[in-house]
1. Does Leu17 meet the test of being part of a helix (DSSP H, G or I) and either at pLDDT 90 or above or surrounded by fewer than 16 Cβ atoms within 10 Å (Cβ to Cβ) (or both)?
2. Among Phe67, Phe57, which is the only one that is under 25 Å from His14 (Cα atoms) and in contact with a Gly (Cβ under 6 Å, 6 or more places away or on another chain)?
3. Does Lys27 meet the test of being open to solvent by 60 Å² or more (accessible area, probe 1.4 Å), of a type outside the set (A, V, I, L, M) and touching a helix residue (DSSP H, G or I) at 6+ places or on another chain (Cβ under 6 Å)?
4. Which condition number in (1) modelled with pLDDT under 90; (2) outside any helix (DSSP H, G or I); (3) farther than 19 Å from Asn2 by Cα is the one that Thr35 fails?
5. Right, Tyr87: surrounded by 12 or more Cβ atoms within 10 Å (Cβ to Cβ), at pLDDT 85 or above and out of contact with any helix residue (DSSP H, G or I) (no Cβ under 7 Å at 6 or more places or on another chain) or not?
6. Just to be sure before I move on: is Ile39 more than 21 Å from Glu22 (Cβ to Cβ), open to solvent by 60 Å² or more (accessible area, probe 1.4 Å) and in contact (Cβ under 8 Å) with a residue 40 or more places away in the chain in the structure I sent?
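The values are calculated or read from the model by the stated rules, or taken from the named source; none is laboratory data. In this text, all values refer to a predicted model and were calculated from it rather than measured experimentally. No Cβ is skipped: glycine too gets one built from the backbone with ideal geometry, and neighbour counts run over all protein chains shown. Accessible surface areas use protein heavy atoms only, side chains included; no ligands, DNA or RNA. Shrake-Rupley method; radii C 1.70, N 1.55, O 1.52, S 1.80 Å.
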Amino acid sequence: MNGYNVVRLFSYNHPELDLEAEISALKTKLRDVETATRIDLLFGMEGSAAKVYFDAFGKMLPGGFAFPGRKKHPPTDPVNARLSLSYTMVFNEISSLLDGLGFDPYLAYYHSIDYGRGIPCL
């Protein structure tokens, strides 16, 4: 499931939240990916879509948690800390599975080899 569908389905179940701008922007960005002719354009689209998704994510958090946007190195608040921990745990599970199958998770299709980078594009 992509970010557009996550936000769209959340909005359907929570009509009290106004996520229409984010849904529209994500839908447009998803459509734009099909026309990308260069890898640097695709990276730019990925980054701008992530920004929109995390803006929506901040609105979707219950209980009044403050979420200033995605901050990774280091996480600056409890929400970012939990996201980083969750991503690390998922990465380690997938990495172990791929390693057991003989794949090198640091070799990717879209990102160049950059050892020590942390999370590769799978």
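1. no
2. When all the criteria are applied, what remains is Phe67.
3. When the stated conditions are applied, Lys27 passes them.
4. Thr35 satisfies every listed condition except (3).
5. yes
6. yes
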